[in-house]
Structures are given as structure tokens and as C-alpha cells.
Amino acid sequence: MFFLSRILAFFPLIHNAQEIHDWFPTSQSVIEETAKASALKFEEELERFLTIPLEERTFDNTIRTWDALSGGIFQASSCLSAMREIHPDKSIRDLADSSSQKLQQIFRDALMAHPEIYQACLAAEKNSSVLLEEERYYFDDLVLNFKLGGMALPDEQRALFGKIQQEIAALESLFNRNIAENSSVLYVPKEALVGLEEEWIAAREKTEKGLYKLSCDLPTYYAVLGQCSVRDTRKAMHKLFNNRAFPENEEILKQLIAKRDQIAKLLGFSSFTACSISSQMAASSENAYAFLKQVKERASIKAKSEFQKVTKNLPESVLLSDAGQIEPFDAMFAFSSYEKERFSVDQNKIAEYFPLEKTVQGLIHVYEKFFKLSIKEVSHSIQIPDLKTLEIREETGGLLGVILLDLFPRAGKCSHRGLHCSLISSYSPLQGPNYRALSLIIGNFTKPTKNSPSKMTHSEVTTFFHEFGHAIHNVLGRSSFWSFCGTRVKRDFVELPSQLLEGWMLDASILKLVSSHYLTGAPLSDELIANLKKAETFQLGTWVQRQCFLSELSLALFEEGEKKDPTALAHQIWAREKPHEHCAPTNHMHASFPHLSGYGPRYYSYLWSKVFALDLFEKIDQEGLLNPIIGTHYARTILSKGGGKDPNQLLFDFLGRKPSVEPFFRQFDEIIK
């Protein structure tokens, strides 16, 4: 264990939230020092690692040591990547991005230059007479990832593989940066904002000529598309938003398609889609397509019913296309108007019951109750605007981890509606201390004004609860393998725990607990909750069709072939998967679809995990959504395992049977009735 103990000495061990400042690189000097020290440590320990003779290789001195060695450099890279997403200074963001990429490149170069790492791990397994269940699972997963990482290729092909991977990493980083740093704005007179609340309008910046500035952040986009009754404003905002990072990201995407196809061919796969899904729960692209086919057949009936109801009596400013389709810039407004008329649900009025500060406190209380945790806000000294720090402790007081909240938009910040970043893992090596987790939740919710607090839509409340679920998974997912800690699970399983928790946000007792009118303090009434649930589930068919469109698009872009026209492909799939909504020729939403870099062809994971999450939700709901007995059982059976067990087995362990798609389909049947 000597090699492992040397590496573990470099892992950050935090005892309270104040100490995270030392591991959170917010300045140029700290970023440079973090990158330099991490690279040096990795290279020094790798050199020692490579000196062990094959006959002396053991599971501990080789496989566990390699896990910690790779974990150390990736953990440093993750902390640097977080600065790229949230730091207000562009020069710091750029430095953090380049430093993170350099660390990842050092790791990739090591793999490509030292195929003996692969051979060493094979020898260690051979020399180990008995392996525990998690050790066997880790070894099999490691070998598969080594093969998918090009380690088993001949020297010449492996060198080419490494070169292409380096190019892909640079392209992915640039793709995401172009989205985050897009500064597109729309300037309109006040009469172009009819339908939006006066308070919201007053909070916009104004030019000397009296024009209002509409930025392309998500709160602004959703407000305009959902509430503005001026069609030209909605149309202009939709066009601007769905052309962010175009045309530059169109060209980057073409290069990513070509290079990922080359990677797949080198590994012996017909396509990058097939290659990418081979290591997931779905196991094959055929299974992913079959799943989508099964789901969308049921969804199409519901979506058609929704479209017919909404278009029966359209608002004055909404016009169907010549082909009888709704325009994408009209869809949100039309559905919102229908909700107001049919369900008496005005999302602006609902948002008055969700002032951000009190709502977040209420949501955190739900987590405390269900998982038997203590979660408290504490002070910190990190120089990031609006950043909040939470300590997550056991009921007995022991620190489990720290969660950072960065919830408001600002220039250059990551534009995701909600995003979780795992920075430090809940790592428990066989010998050594238990490391506490550090998570970052990024949001882009409406900022408070002088006269009003930040108010969250019900959708935003659900988004926050979802992302906090990822953070809790990171905190509670403890493993003796760094690569299995927290949310390091199969990509098409990682969303399941958070998708499961979304069910809490449609439960009447939970909604009463977390809602509090910003003026009166009153919770949502029974009538409002009943209507809200009807409104939220009304669009289920349309939502599934959108998810199928995004899933099919991500799959198709990375099917066999180096040359594809992303715009043509996106429009073709849109026409097939969203038959009731017109796709304008100027729509290039794929250029600002960030999942195409990280998830690649695996966006189907969201719908896949949603379907199985509903099966788990039914079981938990029967026991009580605030019942700590079922909560701690769920945490112990699924969350605490991290990635250390086959997700299919995790579901079986919790349910006592194989998971079923029927709860998801029953949702459709009940709503259609």
C-alpha cells in the first residue's frame, strides 16, 4: 500500500466549509499552482507505478493505486473546470479551461505512451486469487474502459487514437465556451413587451433611446416566450436564442462528428453511437432505439390530444402555419394561455409562492427529513458573486460534504438552467481517512430586484430539487474506488436518482411544505395545487416528443459516417418527431445544445432514466415521501453504492424485482382518460 498512501496524501481532506477555499482555485496563482502540482504529482507517481515488475503486481499495488492515481488528476481537473463555468473574470475562466485541458491531456498522453499500464492491470488480476464482488466489477469495468480508450490498439493506431482524442477534447471545450460566452441581445421598445409584468420590465436595462435589453439567458427566454403577447417579440427572441453560437458551433460539430467516427472505426465499431452506448445500461444502440420507439408510440397519442386542445381556441397573436402546425415561438405562449384558461394556472402567480430564499430552505428541509441529514448554510471566503455554502452532516454531526450554490445568471457564466458539478468525491480508500465530498450546483434563476425577491417558477423549483439530488448522490455515494464515487455511474443511470426526486414536486403535502407567498407567507392552496398538477402533466406527451427529438438527434449525428449536415439532420428529425410544431429554416438549436459535447449520442439517458425512476417513485410514495425509513433504505441500497454495482442489479435490490416501464405508461393512460 506504499504507492497508494503517497498518492492519497495529495487528496483534499476537508473538515468544514471554510477549508474549501484552499481547494477551490479562484485566482490565477492558485489555478497555476493547482495545475502544476497535480501534473507533477501524477508524473512522479506514474513513474514509480511503472517500476513494479509484472510478477509483483497485486490488486492493491496496481489496480487500486491506478484508480487513485487517475482520480487525483481528474479531481484537480474538475475543480479547474468549475472555474471555467462560473468565474466572473474571463481571463480566469480561460486559464482554468486551458489548465483543465492540459491535465486531461497529460492523462491521455500517459495512457497512449504506456500500454504497459493495461498489461500491469491484467497481470494484477491474474495474480489475485480471490476478488470481492465490487473489485471484480471494477476490474471488468476498467478493462472495458481501457479498450474503449484505445489501450489495446497496436502502437501506430494507439498514437493516432491519442491525437484524435486530444483534438476532440479541444473541440468540446470550444463548443461549450461558445455557448456560455455568447452575448446575443435583443433591444425592444416597451410596447413590444405587452403581457410581461411591469416589475419584470422595470428590472431590464434600458438604452439612452429607451429600448429594453433582452439577454439570451434562460430566465429571460422563458419569460418572453411564455408571457409576451407580441408575436414579433417572441419570434425575434426565439430566433436569437436558437442561433446562439451559430455558425461557429455548426462547424465545430461537423469536426466532432468526423473525429468521433474515426475513433469508433479504430476501435472496431460501426459508429460512435454504437461505441458510446456499448458500455451503458442500454448496452447497444439497437436497445436505445427500441426503447425510444416504444415510448414515443404511446406519447404520440397524448401529444396529438394536447395539440388539438390547445389549437382549438388560440390566443389572438398565435397563428398556425400553412401546414396547420404551431410555430416554435408560439408554442410556449399558446400552452401557457391554455393553462390559464383551462386550469386557472398563471405561472407568474404560481411563482409568487416560490420566493427563492424560502423555497430553497424548504426544499433542503425535505432532503434533511427524507435522508436523515443536517444541512446548514455557513460562511465562506470564496470570491464568487452570490455563492452560498452548505454543510451536509449526519444527524450525529459528522461532516459528509459541502455543497456550493451559484443560482443567478451573469455574463460569461455557464448558461445551463441547472447543472451539478462533482468537485471532490466521498472517497474511502481501504487504508486512510474518509474524504468528504464537494459539489457545485449552478442555476440561472431570475435575480431579485430592489422591490421583489427572486421568484421561481414551478419548473425552476423542480430543476433545483433535481440538481440538489445529484449533489446528495455525490455526498452519499461513498466507495473505496475513486472511479465509483458518487455520480460516477453509467451515463444512462446517472439521471435516475434526480429524475426520481422530481416526483416530490407534484405531491400536495410537499408543495404545501415548500411554498410560501412572498407577501403573505401563505402556502399554495389545495385548489391551486390540483390545478398546477393538471397543468404540469397536461404537456407530458409534447414533452416526451421533444425528448425523443433530442435523443434521436444525438444518436443520428454520431451514426456511421464522417460527413453530416447537422442542420439538415436536425430539421429532418424535428419533422418526424415533432409533427405538430413547425421548424423554421433559421433554427439552429443544435449549435447551442451542450449535451452534444459531454453526452454525445447518449442524450436518450434522460428519458431512459425517467421511465425507471417512476417505478421507484411508486414504491417510495407508498411508504411516504418524508419517511426516513424508506429514505435511508433507498440511500443505502442505491445512492451509497455509487458506480460500484451494475445499475440493473441496484434497481432489483431496491424493488425486489426487475424494473418495469408500466408506471410510466400508466401515467399516459390516466391522463388520456
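What follows is calculated from the coordinates using simple rules that are stated; it is not laboratory data. Bear in mind that the values here come from a model prediction, so they are computed numbers and not experimental data. Ideal geometry is used to build each Cβ from the backbone, glycine not excepted, and the neighbour counts take in all protein chains shown.
Values computed for the structure shown
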{"item": "Inter-probe distance in nm under a simple model that places probes 7 Å from Cα toward Cβ, at Q431 and A169", "result": "3.1 nm"}
{"item": "Label-point separation in nm, D140 to E251, each point 7 Å along Cα→Cβ", "result": "4.6 nm"}
{"item": "Aspartates and glutamates with Cα under 20 Å of K564, excluding same-chain neighbours fewer than 8 positions away", "result": "E167, E172, E248, E250, E251, D261, E552, E577"}
{"item": "The chain, relative contact order [Cα under 8 Å, separation at least 6], %", "result": "17 percent"}
{"item": "Degrees between helix 155-180 axis and first principal axis of the chain (Cα, 0 to 90, nearest 10)", "result": "30 degrees"}
{"item": "The stretch 528-673 shape via C-alpha gyration tensor axes, a/c threshold 1.5", "result": "oblate"}
{"item": "The stretch 246-260 - phi-based ³J(HN,Hα) in whole Hz, Karplus 6.51/-1.76/1.60, Gly and Pro as x", "result": "9, x, 4, 6, 5, 5, 5, 4, 4, 5, 4, 4, 5, 6, 5"}
{"item": "Between the stretch 34-102 and the stretch 473-513, the alpha-carbon center distance in angstrom", "result": "26 Å"}
{"item": "Rounded to 10°, Cα long-axis angle of helix 231-241 versus longest principal axis of the chain", "result": "10 degrees"}
{"item": "In nm, spacing of pseudo-spin labels at K265 and S374 (7 Å Cα→C-beta vector)", "result": "6.0 nm"}
{"item": "For the stretch 634-663 versus the stretch 563-618, the gap between their alpha-carbon centres in whole angstrom", "result": "27 Å"}
{"item": "Difference of contour (0.36 nm per residue) and Cα-Cα distance, E562 to K658", "result": "30.7 nm"}
{"item": "Neighbourhood charge, 14 Å Cβ-Cβ cut-off, centred on F146 and excluding it, Lys, Arg +1 and Asp, Glu -1", "result": "-2"}
{"item": "Magnitude of the charge dipole, the stretch 442-552, Cβ model with Lys/Arg +1 and Asp/Glu -1, debye to 20", "result": "320 debye"}
{"item": "C-alpha long axis of helix 218-227 to longest principal axis of the chain, angle in °", "result": "30 degrees"}
{"item": "Cα shape, the chain, gyration tensor, a/c 1.5 rule", "result": "prolate"}
{"item": "The stretch 577-673 - percent relative contact order, Cα under 8 Å, separation 6 or more", "result": "29 percent"}
{"item": "Cross-link reach list, lysines versus K190, counting only Cα pairs under 17 Å and skipping chain neighbours closer than eight places", "result": "K206, K209, K213, K235"}
{"item": "Normalised contact order of the stretch 1-119, rounded percent, pairs of Cα under 8 Å and 6 or more residues apart", "result": "33 percent"}
{"item": "Span from the the stretch 180-234 Cα centroid across to the the stretch 334-386 one, whole angstrom", "result": "23 Å"}
{"item": "Partner lysines for K340 [C-alpha distance under 16 Å; skip if fewer than 8 residues away on the same chain]", "result": "K309, K312, K349, K533, K534"}
{"item": "Shape category assigned to the stretch 602-646 from the gyration tensor of Cα positions, a/c cut at 1.5", "result": "oblate"}
